[in-house]
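One structure is given below, encoded as structure tokens.
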Protein chains: 2
Amino acid sequence: MEVKVARKILNANEIMADQNRKFFKEKRVFVLNVMSSPGSGKTTVLERTLEILLPDVRTAVIVGDVCTTHDADRLANSGAPVLQIMTDAFGGDCHLAAHVVANAVSDLNLDNIDLLIVENVGNLVCPAEFDIGEDARVVVLSVPEGEDKAVKYPLMFRVCDATLLNKIDLLPYLDYDRDAALKFISQIHPEMPIFEMSAKTGDGFMAWVEWLKAQMAKKLS
Amino acid sequence: MEVKVARKILNANEIMADQNRKFFKEKRVFVLNVMSSPGSGKTTVLERTLEILLPDVRTAVIVGDVCTTHDADRLANSGAPVLQIMTDAFGGDCHLAAHVVANAVSDLNLDNIDLLIVENVGNLVCPAEFDIGEDARVVVLSVPEGEDKAVKYPLMFRVCDATLLNKIDLLPYLDYDRDAALKFISQIHPEMPIFEMSAKTGDGFMAWVEWLKAQMAKKLS
């Protein structure tokens, strides 16, 4: 019984995600879904990314949180249009569903936007199950979280197109087995690009942003 | 429609959780539900905790993960009976529900057990919504996750009885505002005990274990 209901909800989400995808294609907007555990540094990664992208790549951001507008407030400092979704308003959802993104998008003017970044709710499980009509998905994983997250949360790493391995500035202070971490990620998603970076120092951002621009060029060409 | 279904599932969970609670009371077992983000250090915290508790406090552990037996393998080294639940077997659930715990418990002999620790799936959202029939709930929050997790994931901090603020050995290398973190937690759950600790160095564990023993004494006296 529960399973049937879950399938219906997921099917409804697929239909809505396809509508979103069609709409984004018409608007010529590339949509990036950014997911991670709570506290992996998604927002700081996006602050750095916006610094590099703006103003050449016209970017808007949708931020999903259970509660608070902290992340949206920080990202709004970049000058990009930022829209906050608080899932507490509709039951504290642990992910962004396609219809929630569709509602949010109706409040944004996408006519002069090339890239829409969606910062999902901090959660390595549920957001991986919900297509929102995006063109690319990335997972931010911070090194203090340990080496084995890819094998413990395999769906997330399977559905993503790249891993942003963040907070490498902390490596000298951690017992972190970098080779093991890279091996675990490759085990779940062979040949997925892994960008090692520090949002604190800015290390490693150029490679990641070049990759993102290449993905955009592929879609928008 | 979706809301009604969700309510039915949550009600069914409440009924099962009450049955668990009654069973645990009969068995004179204290049940601790340990929750956190992925990678906050739950398993290392529990390894340290078991070192202090065993053999005086006879302890068993149930570990919930989406995938892998890494954590259960590590905890089994303590000598405590450890049972792994992999939610991938039933759809990759993002939390442990009461019936899942009931099934697992039927494979454990609780006759000579004083304390059952349930290490929940790493997730700051969903596990907070599912009572499993526990006597106490704690949330492990690691300092690299940032100061504002309590206000961003308020339900988790509201339903928990204590916060274990882990990885304080990393404080010298982070821009961490300790006062802000403590203030955010107190804002959501005034007077909740906060144990600052490092599972790596062992700092701060005695106070936490004393608190846990006091909770157990209250129930089992």
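The values are calculated or read from the model by the stated rules, or taken from the named source; none is laboratory data. What you are looking at is a predicted structure, and each value in this text was computed from that prediction instead of being measured. Every residue, glycine among them, receives a Cβ derived from its backbone with ideal geometry; neighbour counts consider all protein chains shown.
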message: For region A:167-178, which positions are in contact with a helix residue (DSSP H, G or I) (Cβ under 6 Å, 6 or more places away or on another chain) and closer than 23 Å to B:Cys67 by Cα?
response: A:Tyr176
- request: With a cut-off of at least 1 residues that are within 18 Å of A:Gly146 (Cα to Cα) and within 14 Å of chain A (Cβ to nearest Cβ), name the strands (runs of 3 or more DSSP E) lying wholly within region B:131-221.
  value: B:136-142, B:162-166
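Tally the residues that are among the small types (Gly, Ala, Ser) and either touching a residue at least 40 places away in the same chain (Cβ under 8 Å) or under 25 Å from A:Ile188 (Cβ atoms) (or both), restricting the search to region B:57-81.
First, the residues of region B:57-81 that are among the small types (Gly, Ala, Ser): B:60, B:64, B:72, B:76, B:78-80.
Still in the list and also either touching a residue at least 40 places away in the same chain (Cβ under 8 Å) or under 25 Å from A:Ile188 (Cβ atoms) (or both): B:60, B:64, B:72, B:76.
Residues flagged as among the small types (Gly, Ala, Ser) and either touching a residue at least 40 places away in the same chain (Cβ under 8 Å) or under 25 Å from A:Ile188 (Cβ atoms) (or both) within region B:57-81 amount to 4.
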- prompt: Got a sec? Which of B:Gln19, B:Gln84 is exposed (fewer than 15 other Cβ atoms within 10 Å of the Cβ) and touching a residue at least 12 places away in the same chain (Cβ under 8 Å)?
  reply: B:Gln19
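Restricting to region B:77-91, name every residue that is more than 11 Å from chain A (Cβ to nearest Cβ), small (Gly, Ala, Ser) and either part of a loop (DSSP other than H, G, I, E, B) or under 16 Å from B:Val57 (Cα atoms) (or both). So that I can check it myself, show each step before the final result.
Step one: of region B:77-91, the residues more than 11 Å from chain A (Cβ to nearest Cβ) are B:77-85, B:89.
From the residues that got through so far, the ones that are small (Gly, Ala, Ser) too are B:78-80, B:89.
Listed by number, the residues that qualify are B:Ser78, B:Gly79, B:Ala80.
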- request: Take B:Thr163 and decide whether it is surrounded by 24 or more Cβ atoms within 10 Å (Cβ to Cβ), of a type in the set (S, T, N, Q) and in contact (Cβ under 8 Å) with a residue 24 or more places away in the chain.
  value: yes
message: For the structure I just gave you, tell me whether B:Leu75 is more than 27 Å from B:Ser221 (Cα to Cα) and touching a Phe, Trp or Tyr at 6+ places or on another chain (Cβ under 8 Å).
response: no
query: Which residues, counting only those in region B:1-44, are at pLDDT 95 or above and assigned to a loop (DSSP other than H, G, I, E, B)?
result: B:Lys27, B:Arg28, B:Val29, B:Ser37, B:Pro38, B:Gly39, B:Ser40, B:Gly41
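Would you tally the residues in region B:149-160 being under 23 Å from A:Lys167 (Cα atoms) and surrounded by fewer than 20 Cβ atoms within 10 Å (Cβ to Cβ)?
As a first pass, look at region B:149-160 and keep what is under 23 Å from A:Lys167 (Cα atoms): B:149-153.
Next, from what is left, pick out any that are surrounded by fewer than 20 Cβ atoms within 10 Å (Cβ to Cβ): B:151.
Within region B:149-160, residues that are under 23 Å from A:Lys167 (Cα atoms) and surrounded by fewer than 20 Cβ atoms within 10 Å (Cβ to Cβ) number 1.
Which residues, counting only those in region B:190-208, are hydrophobic (A, V, I, L, M, F, W, C) and more than 17 Å from B:Cys160 (Cβ to Cβ)? Break it down stepwise before answering.
First, pick out the residues of region B:190-208 that are hydrophobic (A, V, I, L, M, F, W, C): B:192, B:194-195, B:197, B:199, B:205-208.
Selection gives B:Ala199, B:Phe205, B:Met206.
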